[in-house]
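**Q** I'd like to ask some things about the structure below.
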Amino acid sequence: AGGVGGGRPFSIRAPNEKIEMYSPAFYAACTAGGIASCGLTHMAVTPLDLVKCNMQIDPAKYKSITSGFGVLLKEQGARGFFRGWVPTLLGYSAQGACKFGFYEFFKKTYSDMAGPENAVKYKTLIYLAGSASAEVIADIALCPFEAVKVRVQTQPGFARGLSDGLPKFIKAEGAAGLYKGIVPLWGRQIPYTMMKFASFETIVELIYKHAVPVPKAECSKSSQLGISFAGGYIAGVFCAIVSHPADNLVSFLNNAKGATVGDAVKKIGMLGLFTRGLPLRIVMIGTLTGAQWGIYDAFKVMVGL
């Protein structure tokens with residue numbers, strides 16, 4: 001691919017030896033790609049996530065995106081925008097490893113169970129089932145980190161980060177309290193991931209079919225990665241919308257000690273569950289998902305998949 005502004009050309013080179021599909025090395029590569037794509041991207045958007053969580057918890061104080069950034073800057077300074085970055089990085093790295101690794105595993109398993117004909121005929125259902133199965137496991141890995149992250153980000157003075165926040169959280173609510181938000185987390189992440197994988201695969205297929213003048217095999221690697229980012233961004237917008245009510249529940253439950261789903265619905269309201277913090281989350285999740293697919297596919301090219 002040509003360099004930007006007349007600079008030196010750049011490319012992502014694949015090794016000479018290809019990784020065999022569905023081998024242990026294949027699943028290991030997908031797992032490593034998931035760590036790189038999810039952990040790094042979620043950490044990078046920590047400031048957006050911080051404002052979004054506070055808009056969900058205290059909309060009277062954090063009235064809009066711009067005022068939310070202003071309030072945080074005034075009260076906590078520029079360093080405050082990355083509060084909670086360690087549990088974010090570790091939690092979403094663990095989630096990404098399970099999400100992408102197990103997605104490829106379940107997709108292959110369900111395709112084999114369906115048989116060659118049905119695997120093609122019902123491929124979208126297989127994408128949905130594979131991604132849902134993978135996310136159940138991924139959220140078990142994510143949930144404790146998410147609980148601490150939300151508490152650190154929405155209760156100033158609670159803790160500086162994971163190292164002091166985790167023991168403080170366990171002391172206050174017990175180890176089981178780390179999984180208090182697991183059901184809302186599944187409610188947020190499973191629809192999100194189903195939409196992320198199924199819509200991405202479909203959107204990319206449509207882009208190659210209707211918007212790209214040459215077959216995928218004839219496109220340069222940089223073009224293919226650009227299409228991955230575009231398809232991922234569009235998929236991310238849909239992901240944000242379908243998973244947003246549960247995201248509000250996760251933020252509420254992990255912020256308030258002893259709170260229930262009923263308390264959240266009563267305080268936020270049904271309309272608030274669907275709309276509070278949604279514009280910012282669309283921007284955040286669209287960017288995240290596009291970047292994740294771009295990084296994941298670039299990693300797969302790099303290792304020879």
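**Q** Mind sorting out which of (i) 21.5, 71; (ii) 20.2, 60; (iii) 21.1, 67 is the real Rg and Dmax of the Cα atoms in Å computed from the coordinates?
**A** Given (i) 21.5, 71; (ii) 20.2, 60; (iii) 21.1, 67, the structure-derived one carries the label (ii).
**Q** If we sort 56-67, 195-206, 287-298 on the protection proxy, mean other Cβ atoms within 10 Å, highest first, what's the order?
**A** The most tightly packed comes first, giving 287-298, 195-206, 56-67.
**Q** Of the listed peptides 95-104, 176-185, 31-40, what is their order by residue-averaged count of other C-beta atoms within 10 Å, with the highest listed first?
**A** Sorting 95-104, 176-185, 31-40 by mean packing, highest first, produces 95-104, 31-40, 176-185.
**Q** Provide the three semi-axes, in whole Å and in decreasing order, of the ellipsoid equivalent to the range 154-200 as defined by the square roots of 5 times the Cα gyration tensor eigenvalues.
**A** Semi-axes from the Cα gyration tensor: 30, 13, 8 Å.
**Q** Order the following by accessible area, largest value first: LEU271, LEU278, LEU50. Probe radius 1.4 Å; ligands, DNA and RNA are ignored.
**A** LEU271, LEU278, LEU50
**Q** Setting aside same-chain residues fewer than 8 positions from LYS61, which lysines have a Cα under 27 Å from its Cα?
**A** Within the straight-line cut-off, LYS61 pairs with LYS52, LYS74, LYS149, LYS168, LYS180, LYS257, LYS266, LYS267.
**Q** While we're looking at this one, here's another question. Where does helix 24-44 land angle-wise versus the long Cα axis of the chain, in degrees 0 to 90, nearest 10?
**A** 40 degrees
**Q** Still on this model: How far is helix 182-210 tilted, in degrees, relative to the longest principal axis of the Cα atoms in the chain, given as a value from 0 to 90 rounded to the nearest 10?
**A** Result, in degrees: 30.
**Q** Go ahead and estimate [θ] at 222 nm for the chain from helices alone: -39,500 (n - 2.57) per DSSP H run with n ≥ 4, summed, over the residue count, rounded to 500.
**A** One gets -25500 deg cm²/dmol as the mean residue ellipticity at 222 nm.
**Q** Go through the range 133-139 residue by residue and turn each phi into a ³J(HN,Hα) via Karplus (6.51, -1.76, 1.60, θ = phi - 60°); whole Hz please, and just put x for glycine and proline.
**A** So the J values, rounded to whole Hz, are 4, 5, 6, 4, 6, 4, 6.
The values are calculated or read from the model by the stated rules, or taken from the named source; none is laboratory data. Nothing here was measured: the structure is a model prediction, and the numbers come from that model. Here the Cβ is made from the backbone with ideal geometry for all residues, glycine too, and neighbour counts use every protein chain on show. These area figures cover heavy atoms from the full protein model, side chains too; ligands, DNA and RNA do not enter into them. Shrake-Rupley method; radii C 1.70, N 1.55, O 1.52, S 1.80 Å.
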